[in-house]
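What follows draws every value from the coordinates through simple rules; no lab data is involved. Nothing here was measured: the structure is a model prediction, and the numbers come from that model. Note that we place each Cβ from the backbone using ideal geometry, even for glycine, and neighbour counts take in every protein chain shown.
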Amino acid sequence: MSTTYIFYSSDDSCGPWFGLQLARGLAEHRMRVRLFCHDVPALSVAQAHLDPRVVIQHLGQVEVLDHRLARNVGAARNLVDLFGAVPPAAYMARYFSQPTSGNRYSLHAPWSTQGAGTPILLRSQTQTHRHFDLHLGDSPQTAGLIRSFGHSHLLRNSPHSTLAARASLLSLLGLPSDLISGERSLYLSASPSIAWPKWLQSLIEGETTHCLFIEYGELQQHIAPIFSRVPGQPGTSSLGGLTVVFLPPLLWALEDEVLTLSDLVLTDRTDVAFRAAERGTPAIRARLSSVDTDLTDWCFGRTQVALAEVHRQAANSFGSGRSLVESFDAVMARLADFKAHARQLQTRIGRAPDLVSMMLTASDISSATHVERLFAPTEPNPML
């Protein structure tokens, strides 16, 4: 059974989620997988079976290791680097000194601009090692997506089913079941770097009532004094037209339920925006600078240009603070359109190829085979 090591960058906030989902997908195919994690304590909050004090442990069929161990562990046959991650030099030296063959996969995010027109591209090759570039996405020219593991996302089209699910979730959180009946439900998962004060003030002074779920973390601590709450203490408070729900630390599975039952998600994390898209919930991924991730083109493509422009303006405004209230109002004015588009995006994600199958196929191809031709959409498959 082949072994695969997965690396992500220490400054990549979405690396743990994408890395763990990929690891689980590979493990399901009987691969031995190790995920090198930069923050085991943080991951242990999202995964109930992880101990923040242990440097090597199992999460199902996946081994989770403290990233510092990568400098000393033996090299595996397969290596995956996520979204520009660079494994430690000491590990790479051992990887290339292996007498057996090895495969390295560099994964490029669906919203990056590094598409090569083919799902998988052989970047370099020696007698024993091959390095592939895989561009993720849901089009025929891409290699698939990293999706939530073992979870089927059901659209709750009926208002009654949505209200019932919300009531169950609120009860689970120890909150009154009628808290958000008839109100817009928003989920805020971001750092204090977004332009939140003016936006929060507009919600308080607005005529439409909103219920805002606020993720546990640093931003919740900044907002808590406004509502005379103790940071980190779960509960609710109301001010003007806004009711805030201070969430405790949540497992990913429970956070996914909050994403599913929200009308709109505001975040500065790509993994949260992607998880919302998986669940058919519209999301605004705030752009804090011009080099920050812009999901608009990937989400909307060349269709619905006007809606895409509203989305892009809101993403920029939540990062810069310019025209923020106007941009948010524009999103709310077309919320029904954004919800309809989110359901289309969910369908696209569900139809995307299986990235794990693509990687396993590439791994099993002999080095003499032209891998680009194997996956070229306009050429016959030489393996058939």
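DSSP beta bridges in the range 163-350, what fraction antiparallel, as a percent rounded to 5?
That works out to approximately 25 percent antiparallel.
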Figure the gain on full extension for Val291 and Gln98 (residue separation times 0.36 nm, minus the Cα-Cα span) and round it to one decimal in nm. 65.7 nm
Quick check on packing: order 207-219, 258-270, 6-18 by the mean number of other C-beta atoms within 10 Å, highest mean leading. 258-270, 6-18, 207-219
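Based on the mean of other beta carbon atoms within 10 Å per residue, what is the order of 141-148, 38-45, most packed first? Mind dumping the intermediate values first?
Numbers: 141-148: 21.5, 38-45: 16.9.
Result, highest mean Cβ count within 10 Å first: 141-148, 38-45.
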For the chain, build the charge dipole from Cβ charges (+1 Lys, Arg; -1 Asp, Glu) around the Cα centre, then report which of Val40, Ser189, Ala336 sits farthest towards its positive end. Val40
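Using Cα-Cα distances under 8 Å and only pairs 6 or more residues apart, what relative contact order does the chain have, in percent?
Details: 692 pairs, mean separation 55.2, N = 384.
Relative CO of the chain lands at 14 percent.
Only Cα pairs under 8 Å and at least 6 apart count here; give the relative contact order of the range 163-350 as a rounded whole percent.
Result for the range 163-350 is 20 percent.
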Using the Karplus curve 6.51 cos²θ - 1.76 cosθ + 1.60 with θ = phi - 60°, what ³J(HN,Hα) values do you get for each residue of the range 210-224, in whole Hz, with x for Gly and Pro? 10, 10, 10, 7, 10, 4, 5, x, 5, 5, 4, 5, 6, 7, 3
Which of the helices in the chain, when you take each full DSSP H run, stretch at least 18 Å along the axis at their Cα atoms and have an average Kyte-Doolittle score of 0.5 or higher? 159-172
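Let me know the charge dipole size of the chain about its Cα centre in debye, to the nearest 20, where only the beta-carbon of Lys, Arg (+1) and Asp, Glu (-1) is charged.
On the way: 32 positive and 34 negative charges, 164 e Å.
The dipole magnitude comes to about 780 debye.
So what's the back-of-envelope 222 nm ellipticity for the chain, counting only DSSP H runs of four-plus at -39500 (n - 2.57) apiece and dividing by all residues, rounded to 500? Could you put the intermediate results ahead of the total?
Working: 14 runs with 140 residues, N = 384.
-10500 deg cm²/dmol, from helical runs alone.
Please compute the volume of the convex hull spanned by the alpha-carbon atoms of the range 249-313 and report it per residue in Å³.
Details: hull volume 6.0 nm³, N = 65.
Hull volume over Cα atoms, normalised by residue count, gives 93 Å³.
Would you please classify the overall shape of the range 1-155 from the alpha carbon gyration tensor, given that a ≥ b ≥ c denote the square roots of the eigenvalues, rounded means a/c under 1.5, and beyond that prolate means a/b larger than b/c while oblate covers the rest? Working shown, then result.
On the way: a/c = 1.67, a/b = 1.08, b/c = 1.55.
Judged from the Cα gyration tensor, the range 1-155 comes out oblate (a/c at least 1.5, b/c at or above a/b).
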Please find, in a Gaussian network model of the chain (springs between Cα atoms separated by less than 10 Å), the residue of Val80, Val55, Val245 whose mean-square fluctuation is greatest. Val55
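If you take every DSSP beta bridge whose two residues both sit in the chain, what share of them, in percent to the nearest 5, is antiparallel? The partial results should precede the final answer.
Details: 15 of 58 bridges.
Taking every DSSP beta bridge with both residues in the chain, the antiparallel ones total about 25 percent.
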Hull surface over four for the Cα convex hull of the range 163-350, reported in nm², is 9.9
Charges only on Cβ, +1 for Lys and Arg, -1 for Asp and Glu: so what's the dipole of the range 163-350 about the Cα centre, in debye to the nearest 20? 240
Using a cut-off of 15 Å between beta-carbons, work out the net charge of the residues near Ser171 (Lys and Arg +1, Asp and Glu -1, Ser171 not included). -1
Taking amide H atoms as placed 1.01 Å from N in the peptide plane, list the residues 5 or more away in sequence, or in a different chain, whose amide H sits under 5 Å from that of Ser2. Arg32
Dipole of the range 163-350, positive direction: furthest Cα of Gly241, Cys211, Thr293, with charges on the beta-carbon: Thr293
Say the dipole of the chain comes from +1 at the beta carbon of Lys and Arg and -1 at that of Asp and Glu; which of Val325, Ile349, Gln61 then lies farthest toward its positive end? Gln61
